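What follows draws every value from the coordinates through simple rules; no lab data is involved. Here the structure is a predicted model, which means the values were calculated and not measured. Virtual Cβ from ideal backbone geometry, glycine too; neighbours counted across all protein chains shown.
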Amino acid sequence: RREGTQNHQRHIGKHQQCLSSLVSHQQSGIVLRERSLCLKKRPKSSYNDAPQTTQTFTVGKGNQAIGPVTCSPNLLVGGTCTLSASGGASGNPVVFNSTTPAACTTSGTNGSAVTGVLAGTGNCSIDANQAGNINYNAAPQVMQSFNVPAGFGLTVINLNPAGGSVTSDTGGITCGSTCSQSYASGTAVTLTAIPVTGYQFSGWGGSCREYGNTYKLTMDAAKSCTAKFEVFKKKRRPSWRGLLSQ
């Protein structure tokens, strides 16, 4: 019993090891008594629950930015290019404005056209702005400049617009409505004459000299081409064919 008492005193303060030590070294009857004593001696918490703390934070607006402003194709006097720029996360449109109306004009959002007005008056300068909303600040203004070279003008004269139209593969000529465009020196342009039903294309004139529906030219100077459409005429059968069929 003295050995059991000493073993009890040695392990009573070791809360994690108390049960395993007693099981290894004591008789089963003592183990049960000492196990009860060990459980009674477990320490209790010495601290109260901490009081709740509340912290307030201000959620500020996010920032946004406008991506690069581009205009394609290259801007020329009398020609146009189409503006494009990526906006920020607000989803509001990017709005363009020309600050050099003597050189170029534009207004509107992505996809707007810039028209070259006059060469030699300085670059065409475009401002891009995007408004903010409840979550985002307005984007900082972006300014982009474009050179406006003179280029060479190509004019198409449609002698009979009711009979058809003339289009270009570059520069946006659709004549009918848009019958002139400016091109940089050396630009290759193909004009195509498209007759409507009941008409046929009868030939080019001016700077264009051909009878086929398409005409290719190189812009190395200012040029003017005429296009003529006429009522389609059925070919008459020779009179001798009529006699043979009788």
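A few comments on the model shown:
- Full extension of the chain between Thr56 and Leu118 yields a length gain of 16.4 nm, computed as 0.36 nm times the residue separation minus the alpha carbon distance.
- Look at Ile173, Ile134, Ile157 and count the other Cβ atoms within 10 Å of each Cβ; fewest to most, that gives Ile134, Ile157, Ile173.
- Among Phe232, Phe57, the ranking by other beta carbons within 10 Å of each residue's beta carbon, starting with the fewest, stands as Phe57, Phe232.
- Label positions at Thr197 and Thr214, each projected 7 Å from the Cα along the C-beta direction, are separated by 2.6 nm.
- Rounded, prolate or oblate (a/c below 1.5 giving rounded, otherwise prolate when a/b exceeds b/c) for segment 49-200 by Cα gyration tensor: prolate
- The fewest-to-most ranking of Val231, Val166, Val148, Val69 by surrounding Cβ atoms within 10 Å reads Val231, Val69, Val166, Val148.
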